[in-house]
Amino acid sequence: LKDQFDNLDKHTQWGIDFLEKYAKFVKERIEIEQNYAKQLRNLVKKYCPKRSPKDEEPRFTSCIAFFNILNELNDYAGQREVVAEEMGHRVYAELMRYSHDLKTERKMHLQEGRKAQQYLDMCWKQMDNSKKKFERECREAEKAQQSYERLDNDTNATKADVEKAKQQLNLRTHMADENKNEYAAQLQNFNGEQHKHYYIVIPQIYKQLQEMDERRTIKLSECYKGFADSERKVIPIISKCLEGMILAAKSVDEHRDSQLVIDCFKSGFEPPGDFPFEDYSQNIYRTISDGTISTPKQEGMRIDTKTTVGKAKGKLWLFGKKPKPQSPPLTPTSLYTSSTPNGSQYPIFSIEPVHYCMSDIKTGKPRIPSFRSLKRGYFCLQGPALEDFSHLPPEQRRKKLQQRIDELNRELQKETDQKDALIKMKDVYEKNPQMGDPSSLQPKLTETMSNMDRLRMEIHKNEAWLSEVEGKVAARSDRRHSSDINHLVTQGRESPEGSYTDDANQEVRGPPQQHAHPSEFDDEFEDDDPLPAIGHCKAIYPFDGHNEGTLAMKEGEILYIIEEDKGDGWTRARRHNGEEGYVPTSYIDVTLEKNSKGA
């Protein structure tokens, strides 16, 4: 029985150890949940966009979906924190409290069992001592009886010795009887205590230990359930988070994203025009004709090709000078015959082939209309962003101006509402002077009216800029439409010599008059005639003009305007010494002459 008590002691200790082991498991699970939630939040924070309220980054549906997924993931991390908190309060804290109570109760029951066992051992020792004493007295009484009988049968023994032996026998017999009674009492007492110990005290202690162990088992079962309930409670919310991620994935619209890209990068610039056809075969025809047929008149009018080419290259403009109307192409009608007095005929090569060839040499380097657009972004970065957004492309400038107008309208509406509120408050103060002084509202009302006037002026100014931009965009669209029509009309017409012409009437053109050749020749090669000035400008900012085709200027310098800005942010200007070039429109203050506006 004592061994069974020790086994119960070991079992209850194992139960408490197992309870604490499960509590440690729950604690580590809580730490895992907390770390998981923390890492998820750090991940969301790392990939969340860091944008200011004024950021105008295009809101692509794919980006919006990703941001929504991050928000749902952040909510999911919050649910993991809820799981950890629920496990901490409902499971771990309860386990630690119950473990402490269980240890106290087990200690008490074991102490009671040990006390009962010690009391039983004490009773057994008392009974054993009385038994041993009774046994010793019985042996002494037997010795005394044997001594008395020996002396009584001995004839030589005196009567006194016999009486003394008899008295000793009686004494030992009396003491043996007393020890016998004491032993019987101790034995009876021990048997009673032993029966009580094994049938009442120990079973009661064992029952208490059993109930304690069963309560421990029940508590573990409840903690197991609470552990699962902590996870199950957040499953609906987690399911909503996952559904939100699925909805975010379904909201991605590739067509809308493409349209956002188009709207974001749409500049409004006109696409580059077609490259003109360069007929290098005309030089071959001229060489053959000059080598076989020649006249003194034509020799006198021959032009040095190298000199002409060098001159033409020196006058070519990087951004494309407005080309003059091209002369008609070389056709078979350009060759006609003349009769000699003897009746023989020889062909006369008119001045028009030379005229065309030299024109071809001059225009040998085609204009690149789009190069100005490519250079625009580089030069715009050199200057500050202006109030009218003239440093931006037309389409982007229109969008910026429209956004500013909308913002100004909202501010004006706020000021209007504030003015109405002040007027109503002033009326209330005038009717009820005890509520306040009406004159105290006059400064605020005056300030509000001033703000409204300022906003109206800003709106009017921006609307004027917007109208200017929209007019340029519309004019550019009209020019593009007309150029497309002209391209369709002239496409496919080719002269017999392989050159093209933009005028259908030139295809049936006859030989030109001889007296017109010198003037046409001079007009074609006279490119030094300066364009008329249509206004003047003042440089607001300095411009280095390192690139070819640009004109350097200093701050405050006055220049002539010879070509307006066509919507690409560049204006053609000329110095007093005749040097020409393009300057950024946003760097100058332009003043156009009214009588030269349409030149």
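The values are calculated or read from the model by the stated rules, or taken from the named source; none is laboratory data. If you're wondering where the values come from, they're calculated on a predicted model, not measured in any experiment. With ideal geometry, Cβ positions are generated from the backbone for all residues, glycine too; neighbour counts draw on all protein chains shown. What goes into the accessible areas is simple: the full protein's heavy atoms, side chains included, and nothing from ligands, DNA or RNA. Shrake-Rupley method; radii C 1.70, N 1.55, O 1.52, S 1.80 Å.
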**OP:** Report the accessible area of residue 459, computed with a 1.4 Å probe over the heavy atoms of all protein chains in place, in Å² rounded to the nearest 10.
**Re:** 10
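Mind ranking 423, 205 by accessible surface for me, highest first, 1.4 Å probe? Don't jump to the answer; show the numbers that get you there.
Values: 423 70, 205 5 Å².
Highest to lowest solvent-accessible surface, that is 423, 205.
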Original post:
Counting other Cβ atoms within 10 Å, which trypsin sites (Lys or Arg not before Pro) in the range 86-176 have at most 11 and lie in a DSSP loop?
Top reply: none
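Using Cα pairs closer than 8 Å and at least 6 residues apart in sequence, work out the relative contact order for the range 4-260, in percent. All intermediate terms of the calculation are to be shown ahead of the outcome.
Numbers: 187 pairs, mean separation 92.6, N = 257.
Rounded, it is 36 percent for the range 4-260.
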**OP:** Would you calculate the separation in nanometres between label points at residue 50 and residue 421, each defined as 7 Å from the Cα along the Cα-to-beta-carbon direction?
**Re:** 3.6
Subject >> Residues with amide H under 5 Å from that of residue 588, placed H, sequence gap 5 or more >> reply: 540
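For the pairs 125/196; 45/399; 50/461; 400/444, note any where the Cα-Cα span goes beyond 25 Å.
Numbers: 125/196 17 Å; 45/399 32 Å; 50/461 34 Å; 400/444 32 Å.
Result: 45/399; 50/461; 400/444 exceed 25 Å.
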**OP:** Run a plain Debye calculation on the range 4-260 (Cα atoms as equal point scatterers, no solvent) and give log10 I(q)/I(0) at q = 0.07, 0.18 Å⁻¹, rounded to two decimals, same order as the q list.
**Re:** -0.58, -1.24
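For the range 382-464, run through the GluC sites (Glu not before Pro) and keep only the ones in DSSP coil with at most 13 other Cβ atoms within 10 Å of their Cβ. Before the final figure, lay out the partial values.
Numbers: sites: 387, 395, 407, 411, 415, 430, 447, 458, 463; in loops: 387.
Sparse-neighbourhood loop GluC sites (Glu not before Pro): 387.
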**OP:** Grab the Cα-Cα distance for residue 449 and residue 387, subtract it from 0.36 nm times how many residues apart they are, and report the gain in nm with one decimal.
**Re:** 19.9 nm
Original post:
Considering only protein heavy atoms, what is the solvent-accessible area of residue 280 at a probe of 1.4 Å, reported in Å² to the nearest 10?
Top reply: 140
Original post:
Can you pull the accessible area of residue 89 for me, 1.4 Å probe, Å² to the nearest 10?
Top reply: 140
